[in-house]
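Below is one structure; the comments refer to it alone.
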């Protein structure tokens, strides 16, 4: 903090700035999460009807460039034709419903070797594998973990990092990926 602790005027101003920033960024985070959930709700039935699973949706905006990335998967794997077919269907749905404001580039992709892990069933499929996890909040003093997923115990990931077990609440996972081993 840039303000001296013992100055009541500046401390009050600091409090106002912190409160504004906390409220402002919470609203932004909440609206992004709501927007992502709305996109998933909109796209998942269409993608499932095509015979694929919607893994996750990512949206990033940089200046006037926006990217909407949709990850799909299937037990048989994903090829370029699958992505093209899904892109056509998703594009039509997005044109009709217009859930994303402004111009954006739509990208439909396979998950790749470092596939994103979002749902509990994604984690269940990779028990025994190495994963990388970023938490929303620190757990035992850290937010980033890379280790072997031992189990999914209800809504808790049990991760072995250098022979130490960490219990990570699934609802507090910000991002998780399978670690590609070659």
Strands (runs of 3 or more DSSP E) wholly inside the range 76-182 containing at least 2 residues that are free of Cβ contacts under 8 Å to residues at least 60 places away in the same chain and within 25 Å of residue 62 (Cβ to Cβ): 105-109, 130-139, 142-153, 173-178
Odd one out for residue 112, checked against (1) on the phi < 0 side of the Ramachandran plot; (2) surrounded by 12 or more Cβ atoms within 10 Å (Cβ to Cβ): (1)
Residues being under 24 Å from residue 112 (Cα atoms) and crowded, with 16+ Cβ neighbours inside 10 Å - total across the range 133-147: 4
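Just a yes or no: is a residue in the range 92-104 assigned by TED's automatic domain parsing to the domain that holds residue 43 and crowded, with 18+ Cβ neighbours inside 10 Å?
yes
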Sole exception among (1) within 30 Å of residue 166 (Cα to Cα); (2) surrounded by 16 or more Cβ atoms within 10 Å (Cβ to Cβ); (3) not assigned by TED's automatic domain parsing to the domain that holds residue 167 for residue 83, by number: (1)
Residue check, residue 17 closer than 28 Å to residue 136 by Cβ, at pLDDT 95 or above and either surrounded by 11 or more Cβ atoms within 10 Å (Cβ to Cβ) or under 21 Å from the mean Cα position of the chain (by Cα) (or both): no
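The values are calculated or read from the model by the stated rules, or taken from the named source; none is laboratory data. What you see is a predicted model; the values in this text were computed from it and never measured. Please note: Cβ atoms are built from the backbone with ideal geometry, for glycine as well, and neighbour counts cover all protein chains shown.
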